[in-house]
Amino acid sequence: MPNDTLGVALECLKQHPNWYLFPIRPLYKSPPCFDNNLELASNDPVQIRRWRAQNFGCNWGVALKKSKLICLDVDRKPGKVGGESLDALELDRGVLPDTLVVQSPSGGLHLYFDEANGVVHQMRLNAFGQDIDSTNYTLIPGCVTVEDVGARQNAGTYEVVGPAVVAPTPAWFAEYLGDATSAVKEDADQVPAVEQDTSDIVSRAIYYLKNDAKPAIQGQNGELRMLMVFATLKDMGLSRETAVELVTENYNDRCEPPWELGEGAIADRLDVKAMNAWAY
């Protein structure tokens, strides 16, 4: 049976009074215990106690946008390249400011920054590089999750591994997320400047997929390769739907192994990689 996690939430609010929390299924990262969790999240200890009474042992998520936080969610699980992407980011932009860093049981890192310098939270996959997302919520320090490994379950804790003070967001984050003005205009900016899916664009895309695009091979940075293939098709002027169709017909059989479409693990799906490329 899960342990009581009320103290975890109250200690978090003591350290960070402006963080807004909500309950999540005990021992897991999802799902939240109710809908509209990002909007209904609270920093009121009375409400936190009420939720705990209804969901004993629950984990706790912090609603990042409502808390005016930006979090670099660095995925370092086997097969993920978030650690390498973080190194590349710091080589390019300089060492990130000292800030609160939390390590997940899988070895991932959450680097927290307060909104500042005109930069506001936006959810964006691969925002700061491959496998570094700007996510909607994270689990707070002290939460425990379990993972099924064969016939047993491994438990792990979200632990603070960096300074407990949250640093202001550097101004250059706007180049990756947009600033407050661009956030308002984001939908308009995504309207294509040229007509999509013309016969000429489709012909060039098919030629690229059959002749120039190197196959995505597992264990050889295949996930990044597939992401970049979709990014290239996007730049050519294809819609996401047409890109998925053309990749399925003209490229996927050269990949090792071929990618799934519409079912299977999220990390192995063509349509998810396309979505990531269009979001990026």
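How much FRET efficiency would the formula 1/(1 + (r/R0)^6) give for N3 and K77, where r is the Cβ-Cβ distance and R0 is 30 Å, rounded to 0.05?
E between N3 and K77, to the nearest 0.05, is 0.75.
With +1 on the Cβ of every Lys and Arg and -1 on the Cβ of every Asp and Glu, and nothing else charged, how large is the dipole of the chain about its Cα centre, in debye rounded to the nearest 20?
Here the chain has a charge dipole of around 820 debye.
Using the Cα atoms of the chain to build a convex hull, what is its mean projected area in square nanometres? Let's see the in-between values first.
Numbers: hull surface 65.1 nm².
Projected area, direction-averaged: 16.3 nm².
Could you check how much of the accessible area of the stretch 39-146 is carbon and sulfur, as a whole percent, using a 1.4 Å probe?
Working: 2190 of 4420 Å².
Roughly 50 percent of what the probe reaches on the stretch 39-146 is carbon or sulfur.
Could you tell me how far the Cα centroid of the stretch 229-264 sits from the Cα centroid of the stretch 66-130, in Å?
Measuring centre to centre over Cα atoms gives 28 Å.
Compare the Cα positions of H110, W259, V146 along the charge dipole of the chain (+1 at Cβ of Lys, Arg; -1 at Cβ of Asp, Glu; about the Cα centre) and return the one farthest towards the positive end.
V146
If you take every residue apart from Y251 with its C-beta less than 13 Å away from the C-beta of Y251, what net charge results, scoring Lys and Arg +1 and Asp and Glu -1?
On the way: positive: K210, K214, R225, R254, K273; negative: D212, E245, E249, D253, E256.
So the environment of Y251 carries a net charge of 0.
Pull out a ≥ b ≥ c, the square roots of the eigenvalues of the alpha-carbon gyration tensor of the stretch 46-180, then state rounded if a/c is under 1.5, prolate if not and a/b is larger than b/c, and oblate in the remaining case.
Working: a/c = 2.14, a/b = 1.30, b/c = 1.64.
Here the stretch 46-180 falls in the oblate category.
Could you do me a favour and compute the accessible area per residue for the stretch 1-113, 1.4 Å probe, result in Å²?
Values: 5690 Å² over 113 residues.
Using a 1.4 Å probe on heavy atoms only, each residue of the stretch 1-113 averages 50 Å².
Along Cα→Cβ, 7 Å out, is where each label goes; now give me the distance between the ones at V146 and Q47 in nm to one decimal.
My value for the distance between the label points is 3.0 nm.
Relative contact order of the stretch 10-106: what whole-number percent is it, with Cα pairs under 8 angstrom and at least 6 residues apart? Show your work: numbers first, answer last.
Working: 101 pairs, mean separation 25.8, N = 97.
Relative contact order comes out at 27 percent.
Can you give the calculated 222 nm mean residue ellipticity of the chain, where each DSSP H run of n ≥ 4 adds -39,500 (n - 2.57) and the sum is split over every residue, rounded to the nearest 500 deg cm²/dmol?
Values: 10 runs with 95 residues, N = 280.
After summing the helix terms and dividing by the residues of the chain, the value is -10000 deg cm²/dmol.
As an exercise, use a Förster radius of 45 Å and the Cβ-Cβ distance of E260 and T198 to find the FRET efficiency, rounded to the nearest 0.05. Mind showing how you got there, number by number?
Values: r = 29 Å, r/R0 = 0.64.
The computed FRET efficiency comes out at 0.95.
What accessible area per residue, rounded to a whole number of Å², is obtained for the stretch 209-257 using a probe radius of 1.4 Å? Walk me through the numbers before you get to the answer.
Details: 2570 Å² over 49 residues.
The answer is 53 Å² per residue.
Pull out the extension gain between D253 and D235, defined as 0.36 nm times the separation in residues minus the alpha carbon to alpha carbon distance; nm, one decimal. Could the numbers behind the result be given before it?
Numbers: separation 18, 0.36 × 18 = 6.48 nm, distance 2.28 nm.
Between D253 and D235, full extension yields 4.2 nm more.
Roughly how many nanometres apart are two label points built 7 Å out from the Cα toward the Cβ at N221 and A155?
Spacing of the two 7 Å Cα→Cβ label points: 4.0 nm.
The values are calculated or read from the model by the stated rules, or taken from the named source; none is laboratory data. Every value quoted in this text rests on a predicted model; they were computed, and no experiment measured them. Note: ideal-geometry Cβ built from the backbone for every residue, glycine included; neighbour counts use all protein chains shown. Note: accessible area is taken over every heavy atom of the protein model, side chains too, but ligands, DNA and RNA are not part of it. Shrake-Rupley method; radii C 1.70, N 1.55, O 1.52, S 1.80 Å.
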